[in-house]
Amino acid sequence: MGTDAVATMPDRTCDLLVGPDDDGARLDAFIASCAGMPSRSACARLIDGGAVTINATAASGKSERVMLGDRIRVTLPEPEPEPGALRPNPDIPLDVRYEDEYLLVLSKQAGLVCHPSAGHVDDTLANALVAHCGSGRLGTLQGEDRPGIVHRLDMDTSGLLVAAKDDDTQRALQDLIRLRALDRRYIALVHGYVASDEGTVTTGIARSRRDRLRMAVSDDPRAREAITTLRVLERFEAGRFDEGFSLVECRLYTGRTHQIRVHMRHINHACVGDQLYGRGDARANRGLRRQFLHSWRMRFDHPVTGERVECQDTLPADLLAILDGIAHASMGRTAAGERICPLLGA
C-alpha cells in the first residue's frame, strides 16, 4: 500500500496522489500507508474531524474508497512537544544566513537569550530553532534544553552563530572550536585610546568570587585559559563627557563566558554600553544600554561536506547609530579599518 503515493508537506498540509497499487483502498488505510502519516486510527480521527478532502471535497468517512488519480489533502495538527522537550516558538524571527541538512548559521538579534534560564522559558533562540527545524532534528550534546547549540552569544550581544542539526555535526563543530579552526570575529567599540594597532590578551578566566553574575581574570589553578586577539580599526578623540573610543576587531581563540567583555575590562578598555563590566554613565556610553559587541564574521570548513563556509554580518542599526554619532571625532582608520569598516555598513 502507498508505494505510488506522492506527498508534499508545506505548513503541515499533505497532498497525496493515489497510484495504481492503491486503487480501491479504504481511505484511512491509504493515508496511513503513506510516508509521514500517523497511525490508521489517528487517520480515521482526522477524517472524522473534517481534516481530509478528496479532490477538494470533504471525505464522507474513513471507509470511503479511493480511486486511481484521486488527490487527497490531509491537514495535520502541529505535533505536541514530548514531555520535557522545549516548546517551539515560531514567533521569534530567525535571520538565517546559511543552512543545509547538517547545520545553519544565523544572525542573532540583541536581547535574545540562547537557551532557557531563569525568567526565560519559551522565548529563547533554542525555542526558535525547534520551531524552525522541528522537534528531534537538532543536536542534543549540550542537553535537551539546548538543542542545536554549539556556542553561545550573550543575550545583548548580536551577530553570527552556528547551530547543529544532529549530534555528529554538533560534536564536529565543537571540535573545530577546541582546535581553534572555527574563525570567529567580533566588532567592539571600547572606551579610551587603544595605543597598539594589534595585540593579544591571554589570561585565566573564572567566576568572580565577589559577584556570581560576573566572570573575572584569575590566576586560580581552576581558571580556564582564555585567548583574545584584537586589532584597532578606528580611533576617536575624547569629548567633554568621555575619554575617546576605539573600534576594534576581536578574534576568539577560546570560548569562555563573557570572554571579550572580561578581557576588554582587564586592559582598561571596557565595551561601550556594557552594563555588567563597563561604566554606568549614560553620557560616556552615548546612551547605549547594551554592550557594543557584534559577531560580524564566521569562517570554517564544513565538518561533513568539507566546503568552506564563510558568513559576514553588518552592524545592526543601534550600533551604527553610535558610530554615526561620534564620526566627527574620528582620528582616522587603520589599514585594517579601511578594509573592514565598509563591510560593517560603517
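The values are calculated or read from the model by the stated rules, or taken from the named source; none is laboratory data. Just so it is clear, the structure is predicted and the values come from calculations on it, not from any experiment. Backbone-built Cβ (ideal geometry, glycine too); neighbour counts: all protein chains shown.
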Of the residues that make up region 154-170, is at least one assigned to a strand (DSSP E or B) and without any contact (Cβ under 8 Å) to a residue 60 or more places away in the chain? no
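Tell me the residue from Thr157, Thr169, Thr200 that is at pLDDT 90 or above and more than 29 Å from Asp242 (Cβ to Cβ), please. Walk me through how you get there before you give the answer.
Details: Thr157 fails: more than 29 Å from Asp242 (Cβ to Cβ); Thr200 fails: more than 29 Å from Asp242 (Cβ to Cβ).
Criteria check complete, one pass: Thr169.
Working only within region 52-72, note down all residues that are among the basic types (Lys, Arg) and farther than 11 Å from Ala25 by Cβ. Full working, then the answer.
In the first step, residues of region 52-72 are kept if they are among the basic types (Lys, Arg); the result is 62, 65, 71.
Answer for region 52-72, where residues must be among the basic types (Lys, Arg) and farther than 11 Å from Ala25 by Cβ: Lys62, Arg71.
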Mind listing whichever residues of region 157-189 are under 19 Å from Arg308 (Cβ atoms), in the same structural domain as Leu315 (by TED's automatic domain parsing) and hydroxyl-bearing (Ser, Thr, Tyr)? none
Out of Ala188, Ala216, Ala195, I need the residue that is small (Gly, Ala, Ser) and under 28 Å from Leu106 (Cα atoms). Which one? Ala188
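With assigned to a helix (DSSP H, G or I) and touching a residue at least 60 places away in the same chain (Cβ under 8 Å) as the only criterion, which of Asp318, Asp324 stands out?
Details: Asp324 fails: touching a residue at least 60 places away in the same chain (Cβ under 8 Å).
Every option except Asp318 fails the conditions.
Here's a check for you: in region 15-61, which residue that is among the hydroxyl-bearing types (Ser, Thr, Tyr) and surrounded by fewer than 17 Cβ atoms within 10 Å (Cβ to Cβ) is nearest to Ile72 (Cα to Cα)? Break it down stepwise before answering.
Step one: of region 15-61, the residues among the hydroxyl-bearing types (Ser, Thr, Tyr) are 33, 39, 41, 53, 57, 60.
Retained after the next criterion (residues that are surrounded by fewer than 17 Cβ atoms within 10 Å (Cβ to Cβ)): 39, 41, 53, 57, 60.
On the way: Ser39: 17, Ser41: 17, Thr53: 6, Thr57: 9, Ser60: 13 Å.
Filtering first and then ranking leaves Thr53.
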